[in-house]
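Below you'll find the structure, written out as C-alpha cells, and then a few comments.
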Amino acid sequence: MGKDLGRIEQSPADDRTYRALELENGLQVLLIHDPTTDKASAAMSVGVGSLHDGDVEGLAHFCEHMLFLGTEKYPDEQAYSKYLNQNGGHSNAYTDMDHTCYFFSVLPGFLEGALDRFAQFFISPLFTDSATAREMQAVDSENNKNLQNDAWRLHQIHCASAKPGHPLGRFRCGSLKTLLGRSLARREGGRGGGREGGREGGGEERGRKRP
Ligand SMILES: [Zn+2]
C-alpha cells in the first residue's frame with residue numbers, strides 16, 4: 001500500500017490511531033482512526049498557492065474553484081456535491097499563500113465513493129469552457145464581496161506593505177480583470193483588494209453555499 005513513514009508522536013490524552021504512509025506515487029498520507037466519530041473525512045493539501053500565481057493574479061484561487069466542476073470519470077458538475085449532500089456530507093476548500101487545501105466529510109459508509117470522486121479532482125479535472133467562464137465570474141463576485149469586508153481589506157493592506165516585487169504584494173483573490181489578462185487590468189487601472197483563505201478572516205464560500 002505504501003512505505004510506512006514511522007510512528008506519529010501523539011499526546012497521551014489522544015486515543016486515536018495514526019499511520020503515516022508514502023504512496024508509490026510519492027503522495028504522503030496521514031491516516032487517522034477514531035471509532036467514536038460519526039463522520040469520515042479526507043483532506044488534500046496541494047503545495048501550490050497564490051504565491052505561485054505567476055503572471056495571472058488569482059490563478060491558484062481560480063483553479064481551486066475549477067476542480068469541483070467535473071472530472072473525466074464524473075463529468076457531471078454536480079456529481080461530487082450531490083453525492084455528499086445525499087450522504088450526510090459537506091465540503092469546502094481554501095487557497096492560501098503556499099498551499100491549496102480541499103476537504104470533505106461524509107457518513108462513514110460512503111467514504112470510498114466520496115474519496116473516488118474527490119481523487120479525480122487531482123487526476124483528470126475537465127476545465128470545460130462553460131465552467132471556466134462561469135467561475136471567472138464567481139471569482140470576480142467573491143472579490144466584490146471581499147471589498148466590503150474589513151478583514152480582507154486589512155489583509156490587502158498588509159500585502160501592499162511588502163517589499164516591492166515580492167510575491168506577497170500581489171493580489172491573491174483574482175477578478176475578471178486579472179484572470180482575463182494583465183493588459184486589461186493595467187489599462188483599466190488599479191488592483192482590487194482581497195484574499196483567499198479561511199483562517200485569517202472570512203474564508204472560502206463554496207460547497208453548499210455555491211450558487
Ligand atoms: Zn473562492
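Read the figures in this text as sums done on the coordinates, not as results from a lab. Predicted model, so just to flag it, every value in this text is computed and none were measured. Counting neighbours? That spans all protein chains shown, and the Cβs are built from the backbone with ideal geometry, glycine included.
Exposure proxy check: 55, 140, 98 ranked by fewest other beta carbons within 10 Å?
By the 10 Å Cβ count, ascending, the order reads 55, 98, 140.
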*Dipole magnitude of the chain, debye to nearest 20 (Cβ charges: Lys/Arg +1, Asp/Glu -1, about Cα centre)*: 680 debye
*Quick one: what are the phi-derived ³J(HN,Hα) couplings along segment 55-66, Karplus 6.51/-1.76/1.60 with θ = phi - 60°, whole Hz, x for glycine and proline?*
7, 10, 5, x, 5, 4, 5, 4, 5, 4, 4, 5
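How do 99, 61 line up, fewest other C-beta atoms within 10 Å first?
Lowest count first: 99, 61.
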_Set the bar at 30 Å for Cα to Cα. Now go through 82/177; 82/145; 39/177 and name every pair that lies beyond it._
82/177; 39/177
*For the chain, what is the mean residue ellipticity at 222 nm derived from helices alone (per DSSP H run of n ≥ 4: -39500 (n - 2.57); sum divided by total residues; nearest 500 deg cm²/dmol)?*
-9000 deg cm²/dmol
*Fewest to most neighbouring Cβ within 10 Å: what's the order for 106, 46?*
46, 106
_Karplus (6.51, -1.76, 1.60) ³J(HN,Hα), θ = phi - 60°, over segment 110-125, in Hz, Gly and Pro reported as x_ = 10, 4, 4, x, 5, 5, 5, 5, 5, 4, 5, 3, 9, 10, 8, x
*Calculate the length of the line joining the C-alpha centroid of segment 142-157 to that of segment 24-88, in whole Å.*
25 Å
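How high is the relative contact order of segment 37-199, given as a whole-number percent (alpha carbon pairs under 8 Å, six or more residues apart)?
Reported relative contact order: 29 percent.
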_Mean shadow area of the chain, taken as a quarter of the surface of its Cα convex hull (nm²)_ = 14.1 nm²
*asked:* Per-residue counts of other Cβ atoms within 10 Å, averaged by peptide: what ranking do you get for 108-114, 3-9, 173-179, highest first?
replied: 173-179, 108-114, 3-9
